[in-house]
1. Could you check PRO271 against (1) open to solvent by 40 Å² or more (accessible area, probe 1.4 Å); (2) within 16 Å of the ligand (Cβ to nearest atom); (3) of a type outside the set (Phe, Trp, Tyr) and say which number it fails?
2. For the list (1) open to solvent by 60 Å² or more (accessible area, probe 1.4 Å); (2) assigned to a strand (DSSP E or B); (3) of a type outside the set (Ser, Thr, Tyr), I need the number of the one condition that PHE47 fails.
3. Quick check, is ALA172 open to solvent by less than 10 Å² (accessible area, probe 1.4 Å) and in the same structural domain as ARG82 (by TED's automatic domain parsing)?
4. Could you grab me the full set of residues in the range 478-504 that are among the hydroxyl-bearing types (Ser, Thr, Tyr) and farther than 30 Å from HIS458 by Cβ?
5. It is to be established whether one or more residues within the range 276-290 are touching a Lys or Arg at 6+ places or on another chain (Cβ under 9 Å) and within 16 Å of the ligand (Cβ to nearest atom).
6. What strands (runs of 3 or more DSSP E), lying completely within the range 118-164, carry at least 2 residues that are polar (S, T, N, Q) and more than 16 Å from the ligand (Cβ to nearest atom)?
7. For ALA353, are the conditions met, namely being under 26 Å from GLU410 (Cα atoms), more than 27 Å from the chain's Cα centre (by Cα), surrounded by fewer than 17 Cβ atoms within 10 Å (Cβ to Cβ) and not assigned by TED's automatic domain parsing to the domain that holds ASP42?
8. Show the residue pairs that are 6+ apart or on different chains and have beta-carbon atoms under 8 Å apart, the first residue being within the range 376-401 and more than 18 Å from ARG342 (Cα to Cα), the second being in a helix (DSSP H, G or I) and among the aliphatic types (A, V, I, L, M).
Amino acid sequence: MPTALQKVSASFAPQRNLIGGEWRKSVSSETYASTNPARTSDIVGHFPFSTKNDVDAAVQAAAAAYPSWRRFPTPQRGTILRRCADALTAEKEPLAQLMSREMGKTLVEARGDVQEAIDCAHLYAGFARIFGGQTLPSELPDKAAFSQRKPLGVCGLITPWNFPIAIPSWKAFPALLCGNTVVLKPAEDSPACASAFGRVLTKAGVPLGVFNIVHGDGEHTGAALVDHPDVSAISFTGSSQTGKIIAEKCGRSLKRCSLELGGKNAQIVMPDADVPLALEGAVWGAFATAGQRCTATSRLLLHEKIHDAFLDRFIAAASTLRLGDPLNQRTQIGPLINAAQRERVSDYIRIGANEGATLRQGGKAPGGKLKSGYFFEPTIFADVSANMRIAQEEIFGPVCSVMKFKDLEEAIHVLNETKYGLSSSIYTRDVNSAFVAMRDIEAGITYINGPTIGAEVHLPFGGVKQTGNGHREAGSAALDFYSEWQSVYVDYSGKLQRAQIDTE
Ligand code: ADP
């Protein structure tokens, strides 16, 4: 018997591509199933496995919509974004429920994910009336000079499943505000969330063809979007491996490309820290979304004076976390996204043990009722050293590696000693230690007395080193990716004036 939630989902999240305002099947008619990771017998829907032709149709629709969207006054584009915020707000609860069911984050976190999209829509709607450049003096008389932002054209957005509405909104809303049209290729594990997002945007009045969706995998559908000659820019969030492939292709065709890749984030706890607060932060940072966040706390660096007692409390707290159906209000940890991810996390448990780390908590898939999905116990490794693979590689699961340090200098050195640089955190009551950390930590995001997760939409989001390629999402920084500067000079002197020459 289908549940009420199952029955509504087909119209709520159309199992089609969104192309030029129409919900269309793939030209191949091939589909694939999206399943509930907490209960794999529950099929959320069958979504198109899109071909190169579908991608081409979506890009053509976006290209056709571009000239009028580009010329539509920016404050009016902002008004449409504000309507998107209102429409998302009106449907926040069913969107959150669909998200919990399709990708396994708890309902509380799923509501946060939708809220992030709402915040993002409000943010860029607000920018619409102050969207401008600079007016600057010219070095020559009777000459004006200013700069203005121009859109890029059709932007391809390729997104992961772990923030299935928030991340598409981080990309789509600034792109649309700048006057671009977009084609979204959402992750194959969360197509229903993407369709539901597209339906809300369409209902809110985003004009036909301005926002398009093509479902499918990375190798065919995603690659076709990256390769398409009429796509001006690609914004990608996902694995480093895929990011490198995309960057290489974009490099060859000089396509603008923004990459948001992995992280190996650490939380430092100093001996003067508020221990209960630091503990709460570590549990939330390491195990929320079952550790499947690019900002998850996958390393916990404890000062030697507090190491043993803190570790015991951390283990005790992790062991009492309630795993279960993410739609159940009491659940604290949902499942991993799919069988491959659970296999990957299990591999890292073997790798950690073989490297000589001590498994102190978890380390396996739970049995009993939880065998219905891809659950994995919150896991803690102690006696980890900085060069071990479990301290260096992104695991993307509920696994935290605990390390001991002697002083702040060593802690920051260890924190920095990975190829990534996304998020970081330090718990201390000493203002001097906090400022040294802010100065010396190599990361795009640093929290003082907060966990490594919890970014807000109006600040730049992104990382240094191999976490990305220098661009930032969110905040005003995202506008720099989705627009080009045009410098305009207006000479009203009526004569030729030569810059740098006629200035003496
Ligand atoms: P994750 O491990 O988080 O799933 P991936 O990098 O595999 O990360 O996937 C993130 C997104 O990138 C998904 O939407 C996926 O379909 C897409 N993708 C994967 N491979 C490619 C590729 N070669 N070209 C374009 N997109 C891809």
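1. (2)
2. (1)
3. Yes: the conditions hold for ALA172.
4. Scanning the range 478-504 gives TYR489, TYR492, SER493, THR503.
5. Taking every residue of the range 276-290 in turn, at least one turns out to be touching a Lys or Arg at 6+ places or on another chain (Cβ under 9 Å) and within 16 Å of the ligand (Cβ to nearest atom).
6. 143-151
7. yes
8. ALA382/LEU311; VAL384/ILE390; VAL384/ALA391; SER385/ALA391; ALA386/VAL414
The values are calculated or read from the model by the stated rules, or taken from the named source; none is laboratory data. None of these values were measured; they are calculated from a predicted model. Heads up, the Cβs are rebuilt from the backbone with ideal geometry, glycines too, and the neighbour counts pull from every protein chain shown. What goes into the accessible areas is simple: the full protein's heavy atoms, side chains included, and nothing from ligands, DNA or RNA. Shrake-Rupley method; radii C 1.70, N 1.55, O 1.52, S 1.80 Å.
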